[in-house]
């Protein structure tokens, strides 16, 4: 059973004027293409195909707003890296995300989805920089942890924690085995409640 039985898609936005009303509380989810962002969202919300998963990386090209319950939202941000898009589109995304982070008063936290085998890349650091500018708490999900042996996964976790040096919390996560599901959901709820 879903922890968010009333969860539903609200709208997609390609410009700040298309964002939903800036009220209540929302948590953004960001990640490079192919990091497993849609799968992570589906596990946390506990609804299959809630966020569309695709064999073609980079399908999330708009800012997608989902209602979790009254006044509480999850916002799926465009992911790129593997996505084959023009430089103009990338530039547009950069401006759109900059506006989103700078102007949204209802934004309470960022869940950053990172493939544990790739670790932090420039895109992830850019998302953290956006969050730092507005003093937004960040929680990193190191996804696909099931792809590594336990010792390797633990080492990767320590390396990322060392790199972020207290700027973000970090956990292991696997959409396949659902490891880390409860921890991720607890962080989401804490952010929605305004806790750091």
Review point. What tally of residues in the range 77-114 results from selecting those that are in a loop (DSSP other than H, G, I, E, B), surrounded by fewer than 18 Cβ atoms within 10 Å (Cβ to Cβ) and modelled with pLDDT under 85?
Key: 5
Check your understanding: Of the residues 179, 124, 132, which single one is assigned to a loop (DSSP other than H, G, I, E, B) and either closer than 30 Å to residue 103 by Cα or touching a strand residue (DSSP E or B) at 6+ places or on another chain (Cβ under 9 Å) (or both)?
Key -> 179
Check your understanding: Regarding residue 141, is this residue touching a helix residue (DSSP H, G or I) at 6+ places or on another chain (Cβ under 9 Å), part of a strand (DSSP E or B), surrounded by 14 or more Cβ atoms within 10 Å (Cβ to Cβ) and modelled with pLDDT of 95 or more?
Key -> yes
Practice item. Exactly one condition in (1) in a helix (DSSP H, G or I); (2) touching a helix residue (DSSP H, G or I) at 6+ places or on another chain (Cβ under 9 Å); (3) free of Cβ contacts under 8 Å to residues at least 40 places away in the same chain is not met by residue 117; state its number. Key: (1)
Study note, to complete from the structure: Of the residues in the range 27-42, those that are touching a residue at least 40 places away in the same chain (Cβ under 8 Å), surrounded by fewer than 24 Cβ atoms within 10 Å (Cβ to Cβ) and not in a loop (DSSP other than H, G, I, E, B) come to 39, 42
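The values are calculated or read from the model by the stated rules, or taken from the named source; none is laboratory data. Every value quoted in this text rests on a predicted model; they were computed, and no experiment measured them. When we count neighbours, we look across all protein chains shown, and the Cβ atoms used for this are built from the backbone with ideal geometry, even at glycine.
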